[in-house]
Amino acid sequence: MKPIVAIVGRPNVGKSTLFNNLVGDRVAIVDDMPGVTRDRLYRETEWNGTEFVVVDTGGLEPRNNDFMMTKIKQQAEVAMNEADVILFVVDGKCGVNPLDEEIAYILRKKNKPIILCVNKIDNFLEQQDDVYDFWALGFEHLIPISGGHKVNLGDMLDMVTDMIKKIDIPEEEEDVLKLAIIGKPNAGKSSLVNRLAGEERTIVSDIAGTTRDAIDTIVEFDEKKYMIIDTAGIRRKSKVEESLEYYSVLRAIKTIKRADVCLLMLDGKEGLSEQDKRIAGIAAEELKPIIVVVNKWDLVDKKSNTMEKMREKLYAELPFLSYAPIEFVSALTGQRTTKLLEIADTIFEEYNKRISTGILNTVLKEAVLMNNPPTRKGRVVKINYATQVSVAPPRFALFCNYPELIHFSYARYIENKFRESFGFEGSPILISFEKKNAEKE
Ligand code: GDP
Ligand code: GDP
């Protein structure tokens, strides 16, 4: 589980600029997949070998001052609860602003590692005096930076990684399947947890007391243990926080990263919302096995093919989740809820499945025979052979003479052929084309 570094501050202090410069131009894997909501607020990055996730609090629409104040305070509260390290950004050219003081007041309430980044200090010698004023905000760690001109960002990142090294991030338990139930508020997530925990009558306990205030619930079914992670996040019902896009994204990232299998829960009465798509996009981007769970099925008016129609519609709306099974349940009545656990087991096995090189290459050969990679720029692309380089997620390397000429759609074709033969239901798979002589004999 990678630590989370959140950037907070009032509008226009340079948060987005800093974010972009910290994460570079890392492109997320699903960025070129159709249907994924693109306004990513977070990226993984690393500094001198320490990996972490940077989260931007996202743009605030300046409406009126009261509204702004409320929103900013909420963001600061959320960062306080969810982040491991906070970068509190202020505008060094403008001096201390009343909004900065408000934020500082919230941030000082807990003992979280905070770095006060006095930004837009493009020239320290000329702007020294501007920086000193900010000590008045009362933070131990202050650093002048210029996010725009990349001044002092290295020193700032050193501070971040020093702080990260001191955080006690709990080790994950290994012998249970960790399930994340994700989805927008009111989809029925807590009802499902209660149903699974209650119905099987073997709720062991809530494991509390980690530094990240996550509460995990153990459920036992068919003599097997499952851990539903972050039920604290699921149960947290504060409408103020939940209404924040940023909050749900942040919580979802943390939960998804810890999970072995994600259950994306939708409200079957309602259609798919933008928030659902966004959360689905995160799970896909994290390359986790996923089950799409359509809940409240008891409320849906069912005709003979309602289920099939709904399935088709969902796959059309979530094209990047074409591999995910879609299940229809009712957390209220318990209809098909335990089946979710069985499916979770199965798709986690798929996620960890290894295909022998011999069989893989038979399938590859047939696929290429049926549909050769298109000749491009007068060059003939020849695919020589494939090998599975990893599991969880399954990753395949295909060796060929001109990997750069292979189009995304051809990779898709190969993926589909592999899926036809090997299944991998519920699991993302990755296919990369490598230069032939890169292979080791
Ligand atoms: P946000 O609202 O906090 O995300 O702020 P932005 O990143 O959108 O930046 C607000 C404005 O400040 C933009 O016009 C940026 O070009 C400018 N800005 C950002 N960082 C710096 C910096 O390090 N130095 C200077 N001089 N301007 C900056
Ligand atoms: P959460 O915010 O995702 O945890 O959602 P809750 O579990 O709190 O459920 C929100 C509301 O939907 C509650 O009033 C539940 O009783 C109701 N609900 C949840 N699951 C079902 C279901 O399968 N069928 C029906 N009819 N109502 C449900």
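Here are the numbers for the structure shown:
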| read-out | value |
| --- | --- |
| Overall Cα dimensions of region 338-383 - principal axes, largest extent first, Å | 55, 23, 16 |
| Violating pairs (Cα-Cα greater than 24 angstrom) within the set 184/288; 71/257; 165/353; 189/225 | 71/257; 165/353 |
| Positive minus negative residues near residue 134 (Lys, Arg vs Asp, Glu; Cβ under 15 Å) | -4 |
| Region 344-428 - percent of accessible surface contributed by carbon and sulfur, probe 1.4 Å | 53 |
| Ordering of 78-89, 324-335, 126-137 by burial proxy (mean other Cβ atoms within 10 Å per residue, highest first) | 78-89, 324-335, 126-137 |
| Contour minus Cα-Cα distance for residue 273 and residue 401 (0.36 nm per residue) | 41.7 nm |
| Solvent-accessible heavy-atom area per residue, rounded to whole Å², over region 95-182 at 1.4 Å | 53 |
| FRET efficiency, residue 150 to residue 412 (Cβ-Cβ, R0 41 Å, nearest 0.05) | 0.60 |
| Rounded FRET efficiency, nearest 0.05, which uses the C-beta distance separating residue 111 from residue 361 and R0 of 56 Å | 0.50 |
| Of all accessible heavy-atom area on region 254-297, the percent that carbon and sulfur account for (1.4 Å) | 40 |
| Simple spin-label estimate for residue 50 and residue 67 in nanometres, 7 Å along Cα-Cβ | 3.9 |
| Probe 1.4 Å, protein heavy atoms only - accessible area per residue of region 321-390 in square angstrom | 52 |
| Region 377-441 - charge dipole about Cα centre, Lys and Arg +1 at Cβ, Asp and Glu -1, debye rounded to 20 | 260 |
| Principal axis dimensions, region 275-319 - Cα atoms, whole angstrom, descending | 36, 19, 19 |
| Extension reserve of the residue 125-residue 421 stretch, reckoned as 0.36 nm per residue once the Cα distance is removed | 100.0 nm |
| Label-reachable residues, region 357-395, where backbone N falls under 18 Å from a point 7 Å from residue 434's Cα toward its Cβ | 357-362, 364-365, 382-395 |
| Interchain or long-range residues, amide H under 5 Å from residue 268's placed H | 295, 296 |
| Debye log10 I(q)/I(0) for region 273-384, one point scatterer per Cα, at q = 0.19, 0.20 Å⁻¹ | -1.10, -1.15 |
| Where labels lie 7 Å past Cα in the beta-carbon direction, separation of residue 222 and residue 382 in nm | 4.8 |
| Cα-projected label distance for residue 101 with residue 165, points at 7 Å along beta-carbon direction, nm | 3.8 |
| Computed FRET value (nearest 0.05) for residue 194 with residue 307, which takes r as the C-beta separation and R₀ as 35 Å | 0.90 |
| Stokes-Einstein D (µm²/s) once Rh is taken as the Kirkwood radius of region 321-398 over alpha-carbon pairs, at 37 °C in 0.692 mPa s | 208 |
| Lysines whose Cα lies under 16 Å from that of residue 224, excluding same-chain neighbours fewer than 8 positions away | 178, 339 |
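The values are calculated or read from the model by the stated rules, or taken from the named source; none is laboratory data. Only a predicted model underlies this, so the values are computations on that prediction, with no experimental measurement involved. Cβ sites come from the backbone with ideal geometry, for glycine too, and all protein chains shown count toward neighbours. Quick note on the areas: whole protein, heavy atoms, side chains included, nothing else; ligands and nucleic acids left out. Shrake-Rupley method; radii C 1.70, N 1.55, O 1.52, S 1.80 Å.
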